[in-house]
1. Could you please let me know if residue A:148 is under 30 Å from residue A:384 (Cβ atoms) and outside any loop (DSSP other than H, G, I, E, B)?
2. Restricting attention to the range B:15-34, does a residue exist that is assigned to a helix (DSSP H, G or I), without any contact (Cβ under 8 Å) to a residue 12 or more places away in the chain and at the interface with chain A (Cβ under 8 Å from one of its Cβ atoms)?
3. Could you tell me which numbered condition residue A:142 fails, if it satisfies all but one of (1) of a type in the set (A, V, I, L, M, F, W, C); (2) outside any helix (DSSP H, G or I); (3) under 27 Å from residue A:319 (Cα atoms)?
4. Condition test on residue A:172, is it closer than 19 Å to residue A:20 by Cα and of a type outside the set (S, T, N, Q)?
5. Looking at (1) touching a Ser or Thr at 6+ places or on another chain (Cβ under 9 Å); (2) outside any helix (DSSP H, G or I); (3) without any contact (Cβ under 8 Å) to a residue 60 or more places away in the chain, which is the one condition that is false for residue A:300?
6. Given the conditions (1) in contact (Cβ under 8 Å) with a residue 12 or more places away in the chain; (2) surrounded by fewer than 19 Cβ atoms within 10 Å (Cβ to Cβ), which single one is not true for residue B:153?
7. Pairs only if they're at least six apart or on different chains, beta carbon under 8 angstrom, first in the range B:96-113 and among the basic types (Lys, Arg), second part of a helix (DSSP H, G or I); list them, first residue then second.
8. Quick one: which residue in A:56, A:99, A:63, A:158 is surrounded by fewer than 20 Cβ atoms within 10 Å (Cβ to Cβ), aliphatic (A, V, I, L, M), without any contact (Cβ under 8 Å) to a residue 60 or more places away in the chain and not in a loop (DSSP other than H, G, I, E, B)?
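The values are calculated or read from the model by the stated rules, or taken from the named source; none is laboratory data. Just so you know, these numbers come straight off a predicted model, no measurement behind them. Backbone-built Cβ (ideal geometry, glycine too); neighbour counts: all protein chains shown.
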Amino acid sequence: MQRALAGHAAIGLLASALIYLLALTGTVVVIHDRWQRWEQPGAAEVANLSPDAAQAAILGAVARDAGKPRTTHLYLRMPNADLPRAVVTSDHGASYVDAAGRVAGPEAHAWIEFVIGLHEYLHLPATWGLIVVGGLGVALAALVVTGVLAHPRILRDAFRLRARHGAQVARVDWHNRLGVWTLPFVLALALTGAFIGLGSVGFSVLARAYTGGDMEKAYAPIFGREPAADAAPAPLPEIGRALRTLAVRVPAARPTYVIVHDPGTRGQHVQILAEHPRRLIYGESYAFDGRGAWRGAAGLSDGALGQQFAASTYNLHFGNYGGLGVEIAYMLGGLALCGVTATGTTMWLAKRRRRGLGGRRLTACWTAVVWGVPLALVATAWLRAIAGPVAPLVLAFWTMMAAGVAAAAIWPRWTGERGLRMVLAAALVVTGLGHGLVLAPRVPAVLGIDAVLIVLGILGLFVDRRLLTRRLHLG
Amino acid sequence: MALLLLGMVVGIALVRLGWGGSRGAAATGWALVAAALVGGGRLDGAWGVAVASVVGMAAALVLVLWAGWRSPARVQRPVREAAPTIGVGRWPDLGRRIAVFVLTVPVAFAAALWLAFAGQAWARALGAGEADATALTLAGQPVLWCAIMCWQMTRSGPGRMIAAPAAAALVGAAMWAAA
């Protein structure tokens, strides 16, 4: 048990700051579609996009890109309840389209894209970032296992949370209680995250062993094969016909993306990703030729078990398989993971100080990370609002974090946990109020986010008073 | 499905009622939780199990947060803190820490990847399809890495951490040879 506890602490120390960052950004991006509406509340919205409008959208995107090199792919995101907006994307940019398929302004949700990038690859070069994040998923899963091994009686007090006892008792209870009740959730999240992050390594090894290094052929058993390319020019594909064919052949399928590979060439082909209701898979991939004629399904919904398993890991990780209710539960679980991570390292630092091993500066640095990350995320949202979608959000975030941690190390007395928490609560209230007053959104879903930000901020102040200031201090 | 989810919430509530009280209530609660998971699986497959699990977790979290909200305030005593001792705990064994990192991250990663790859080759030889063998590599690598890391981190020193990745590499080699 002692060795399990030591191992648990060692893994936690190795990875806690980055796991905390991933947990917090993951909590935010669960509702990334809703954040996109919040970030650009004035963009064109459509409940449905007809096949004719979809056809017009890709023609419009090609016209928009006139004079630029031919795009290798065209993506048409179909509207749904979470994000009732259609977006057409090429190698040269992304635009919203209206109900008739006309290009209606640029997609510019730079802030939520920045947060997604932070969660998926920590803003490192994409492949390396995914591998690092996948490795952190493995470390998190190992923390869950060693945590259970280190606390054999962890279930005994499963419903006891002495939140208003002394700080150390409260921290231990928060850590253990939240850890126990989110255990299956965190394990599922950690392993699916590791699966997604480390997938490129596995595919690379399989490609070297079986397909002569050809990655597309290595992906084929899971995601389906692509036809051979032919660069000779050809008219753009008939995606409207493909959408109509799909509606007849698989009426229950809800198209989420239409992807045109090598558009404007004789080798072009159309892929439609479509959700299947009450399934964990992210969707089925349906293939069509350039004239919109049916080729078949990849088999993600009814093919080999390995295909269905692989296709199910994404939704299980991102929490987008059961509507707003599941999304809220995922956010609650994500916040709980933030709490478990934050209290775990804080407990270790407190133990270190009780033993006379110092660590005042280290404690201040950890406080700067725990409260600085959400503050920096709010600050980048303001920067996006002031400087527009071209604002250097990545640079600003990491500069703020580096400066905050450095300041905490130099002036540890100034890095007060309570002060930072108050600033964060106030910042959330100002953000919600400011967004609502300045941008005046009329969509209930966007107003809902503003209201939640305000309530969270006020609740932060109130909960702080209840949980902390009513403690009696001695000495 | 709505009934099953209601059963899950009631089950968690009964588990809470039975905690430190009636064992019958707790047992009934756990039985309801299990029934909701099995029912979800039978009705809607993996989707049903996932939704039922999330609802159960959310219900338990709400009860735990309620317990925290209702917990009585206690007298807080100042934390005893020993005076810092110079020279203690300041990078005392940097070499050991680097060895632990190397063994648990790159070495364990490579051993797990090799074992997962060899496992899929073996599965192919036994007649598994290409898709299943591919998924076995992708899913096996992180799970095996986690298992090796857990084993290593519960050992008393870097020397004892070598056994797990070495065993994984040997088993992988045997599977590769058998395939």
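1. On the way: under 30 Å from residue A:384 (Cβ atoms): no; outside any loop (DSSP other than H, G, I, E, B): yes.
No, not satisfied.
2. No, there is no match, as no residue in the range B:15-34 is assigned to a helix (DSSP H, G or I), without any contact (Cβ under 8 Å) to a residue 12 or more places away in the chain and at the interface with chain A (Cβ under 8 Å from one of its Cβ atoms).
3. Residue A:142 satisfies all of (1) of a type in the set (A, V, I, L, M, F, W, C); (2) outside any helix (DSSP H, G or I); (3) under 27 Å from residue A:319 (Cα atoms) except (2).
4. Numbers: closer than 19 Å to residue A:20 by Cα: yes; of a type outside the set (S, T, N, Q): yes.
Criteria met by residue A:172.
5. (3)
6. For residue B:153, the exception is condition (2).
7. So the pair list comes out as B:96/B:158.
8. Values: A:56 fails: surrounded by fewer than 20 Cβ atoms within 10 Å (Cβ to Cβ); A:99 fails: not in a loop (DSSP other than H, G, I, E, B); A:158 fails: not in a loop (DSSP other than H, G, I, E, B).
After ruling out the rest, the residue left standing is A:63.
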